[in-house]
Amino acid sequence: MPPVITSLLDTDLYKFTMWQAMLHRFPQTQAEYRFHSRRPAAYPLAELLPDVERELDHLCALSFRADELAYLRGWRFIKSDFVDFLRIFRFQRDFIEVRAEGPELSIVARGPQVHVMAFEIFVLAIVNELYFRRFPVAAALAEGRRRLSRKIARLRAFDRDEPPRAHPFEMFDFGLRRRYSGAWQREVVDTFRAELPRYFKGTSNVWLAKELGLVPIGTMAHEYLQSFQALDVRLRDSQRAALESWVQEYRGDLGIALTDVIGMDAFLADFDLYFAKLFDGLRHDSGDPVWWGEKALAHYDRLRIDAHTKRLVFSDGLDIDTALALYRHFADRTPLGFGIGTHLSNDMGLQTLHIVMKLTRVNGQPVAKLSDSPGKTMCDDETFLAYLRQVFGVGAPAQSAP
């Protein structure tokens, strides 16, 4: 079988944007990332161990090609010194360890953050594709294409029947991490690009954006804000420090802020008029989306900011119908975007994996994500988690719309 990863561009845009920010500001930071499966798979992931080892060996032999570096250099927000760093970059095999722990896979990347932070998306794509190669391919592709056709038909019916709203419906592919395969993700993205250009605006997958002439989509992920919990700032100031560092790095580009590293209420307490004016909008990734959106709009209203000049991006477990329902609820009040993941890239009639690879330690200290969805909270140190809750005054996550 061909290797899963053949290009180092085959990752999400936010990996590059966070990578550059950390290289410029905290290049000495040490970090640890751990793989985790949030629910049981149909068969033990530990059986994939030798194949994962082989794929990681291959990944660590790859480097950025000249045309890929030229593509990155063409982005306004990518600095030339970062491209020079990528020109000589190689993943180091001794920074990532894989072993079996009973039926589960243990994968830990540990080392300088600027050398290990990019492992995440590749590891998740590798595990997913190796896992789904064990199921009958023809049947899965046939079902995937049937479901893809229904999605296209659903959006065409929406286009025909929906009354005009103040802001258009815009969606993009966020499906790389849990895709059925690289080839299938390309087929899905290319189909949406050709069939629904009015609605389909891009992909987080940088390689596909380059190959298909699409806009690469993304800003930051949880690991960026989590890192500041263990850097040289007061814990209570960590979110503000992360946002300020981002503003200084990108000077107006990449202006969508992620809100749920310590929960929406704690985020909004830090997202004052200064940040609300500087950032173009907010991204939802946990908790009830209507509750979240109403809180965001109320916050802009309190700050006397016209929500029509901002954007709310939804990206938590969306399918087409939930995206359309959220669009109907909010589209007359603010611009919207919908990043759809597994429902686009792995809707094949097979039970999907729910795997993540998250930042757990920075400079030897624990870091945490206090999600608005309890199942997404992640920390390997209960004492630090309790302290984080105390410092930010965070209780149980809100779970329903008011």
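The values are calculated or read from the model by the stated rules, or taken from the named source; none is laboratory data. Only a predicted model underlies this, so the values are computations on that prediction, with no experimental measurement involved. Here Cβ is always computed from backbone atoms with ideal geometry, including for glycine, and neighbour counts include all displayed protein chains.
Some points to look at:
- Remark: pairs (first residue in region 130-152, over 22 Å from F200 (Cα atoms); second residue part of a helix (DSSP H, G or I) and of a type in the set (D, E); Cβ separation under 6 Å; 6+ apart in sequence or on different chains) = L130/D51.
- Lone qualifier among S227, S238 - being closer than 22 Å to R283 by Cβ, touching a residue at least 24 places away in the same chain (Cβ under 8 Å) and either out of contact with any Leu (no Cβ under 6 Å at 6 or more places or on another chain) or not small (G, A, S) (or both): S227
- Exactly one residue out of I78, I107 is of a type in the set (V, I, T), surrounded by 14 or more Cβ atoms within 10 Å (Cβ to Cβ), assigned by TED's automatic domain parsing to the domain that holds N128 and under 19 Å from M357 (Cα atoms), and it is I107.
- Within region 202-219, being part of a helix (DSSP H, G or I), among the aliphatic types (A, V, I, L, M) and surrounded by fewer than 23 Cβ atoms within 10 Å (Cβ to Cβ) holds for A209, L212.
- Yes/no for D232 being over 15 Å from Y14 (Cα atoms) and at pLDDT below 95: yes
- I355 vs. criteria in contact (Cβ under 8 Å) with a residue 24 or more places away in the chain, of a type outside the set (D, E), under 30 Å from K295 (Cα atoms) and surrounded by fewer than 22 Cβ atoms within 10 Å (Cβ to Cβ): yes
- Condition met for A296 (surrounded by 19 or more Cβ atoms within 10 Å (Cβ to Cβ), assigned by TED's automatic domain parsing to the domain that holds S227 and either under 30 Å from R133 (Cβ atoms) or out of contact with any Phe, Trp or Tyr (no Cβ under 6 Å at 6 or more places or on another chain) (or both)): yes
- Single residue of region 150-201 satisfying the filter (more than 26 Å from Y131 (Cα to Cα) and in contact with an Asp or Glu (Cβ under 6 Å, 6 or more places away or on another chain)) that is surrounded by the most Cβ atoms within 10 Å (Cβ to Cβ): K201
- Test: L48 is within 19 Å of F135 (Cβ to Cβ) and aliphatic (A, V, I, L, M): yes
- Screening G337 with (1) over 19 Å from the mean Cα position of the chain (by Cα); (2) in the same structural domain as K310 (by TED's automatic domain parsing) gives one miss only, at (1).
- Total residues in region 88-104, condition exposed (fewer than 14 other Cβ atoms within 10 Å of the Cβ) and in a helix (DSSP H, G or I): 3
- Being of a type in the set (V, I, T) and out of contact with any Leu (no Cβ under 9 Å at 6 or more places or on another chain) is a property that does not hold for I5.
- Residue in region 117-131 that is over 18 Å from the mean Cα position of the chain (by Cα) and loosely packed, with under 14 Cβ neighbours inside 10 Å present: no
- R134 being surrounded by fewer than 16 Cβ atoms within 10 Å (Cβ to Cβ), assigned to a helix (DSSP H, G or I), out of contact with any strand residue (DSSP E or B) (no Cβ under 9 Å at 6 or more places or on another chain) and not aromatic (F, W, Y): no
- Identification of helices (runs of 4 or more DSSP H) wholly contained in region 229-289 with 3 or more residues that are out of contact with any helix residue (DSSP H, G or I) (no Cβ under 7 Å at 6 or more places or on another chain) and surrounded by fewer than 23 Cβ atoms within 10 Å (Cβ to Cβ) yields 238-250, 273-278.
Let's see how each residue does on (1) surrounded by fewer than 18 Cβ atoms within 10 Å (Cβ to Cβ); (2) outside any loop (DSSP other than H, G, I, E, B); (3) among the small types (G, A, S); (4) free of Cβ contacts under 8 Å to residues at least 60 places away in the same chain:
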{"position": "Y300", "(1), (2), (3), (4)": "no, yes, no, yes"}
{"position": "I305", "(1), (2), (3), (4)": "yes, no, no, yes"}
{"position": "D321", "(1), (2), (3), (4)": "yes, yes, no, no"}
{"position": "L326", "(1), (2), (3), (4)": "no, yes, no, yes"}
{"position": "T334", "(1), (2), (3), (4)": "no, no, no, no"}
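- Selected residue (only one of D10, D84 is without any contact (Cβ under 8 Å) to a residue 12 or more places away in the chain and either surrounded by fewer than 16 Cβ atoms within 10 Å (Cβ to Cβ) or more than 30 Å from G364 (Cβ to Cβ) (or both)): D84
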